[in-house]
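Below: the structure, in structure tokens.
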Amino acid sequence: MNPIDWLCAKAPGFNELPEEDRLAIMHFSLLWSFFEAEALKTNASAAAILAVVHEWADQGRLNVAAFAESLGYFKARYFKNGTATQHFQRLSLRKNDNPSLVEAVLRGENTNPADSVSALLIIVYRLRNNLFHGVKWAYGISGQLDNFTHERPRNSWSPVNCV
């Protein structure tokens, strides 16, 4: 059986997801796996993310402008009128995820470019953990499209092929 057909039959809410959402989740999984292998040398953690992003910044290889839209999206998603939203709580940042850094960036208190990109990647790392460890399935994996598409420009995916 095709894995997508199986998930449609067995996974609560998966059948109701639009194809765009399903593709975003699959693409996110592949991209994160590649990022984790290449940039983090298969050893993902918030500390590893901070180290590699600050290394890129020190080398002049960090394009902060490429992350501006995503930073705006996650700031709006996780804080409203200076207060953390339920989405921020569900992110489930752990002590070793450097929650004080993530919160300071999202509140606009820390605008250091390398810290901002690090905070975004730590958020993506938590989204990855929440997806891969099953937390997102608890509510039918719905409402995730924007989360899983904010690491790259919208509408940049095509069907799976290498042209």
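The values are calculated or read from the model by the stated rules, or taken from the named source; none is laboratory data. What you are looking at is a predicted structure, and each value in this text was computed from that prediction instead of being measured. Using ideal geometry, Cβ is built from the backbone for each residue, glycine included, and neighbour counts are taken over all protein chains shown. Just so you know, the surface numbers come from the protein's heavy atoms only, side chains and all, with ligands and any DNA or RNA stripped out. Shrake-Rupley method; radii C 1.70, N 1.55, O 1.52, S 1.80 Å.
Going through segment 24-49 one residue at a time, which ones are among the aliphatic types (A, V, I, L, M), under 15 Å from the mean Cα position of the chain (by Cα) and in a helix (DSSP H, G or I)?
The answer is Ala24, Ile25, Met26, Leu30, Leu31, Ala46, Ile49.
Cβ contacts < 8 Å: first residue farther than 11 Å from Asp115 by Cα, restricted to segment 40-56; second residue polar (S, T, N, Q) and loosely packed, with under 14 Cβ neighbours inside 10 Å, any location; separation 6+ or different chain. Result?
What qualifies is Ser45/Asn96; Ala46/Asn96; Ala47/Asn96.
Okay, residues lined up against (1) under 23 Å from Phe88 (Cα atoms); (2) open to solvent by less than 40 Å² (accessible area, probe 1.4 Å); (3) of a type in the set (Ser, Thr, Tyr):
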position: Pro18; (1), (2), (3): no, no, no
position: Glu38; (1), (2), (3): no, no, no
position: Thr42; (1), (2), (3): no, no, yes
position: Ala47; (1), (2), (3): yes, no, no
position: His54; (1), (2), (3): no, no, no
position: Ser70; (1), (2), (3): yes, yes, yes
position: Lys75; (1), (2), (3): yes, no, no
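Look at Asp5 and say whether it is among the acidic types (Asp, Glu) and free of Cβ contacts under 8 Å to residues at least 60 places away in the same chain.
yes
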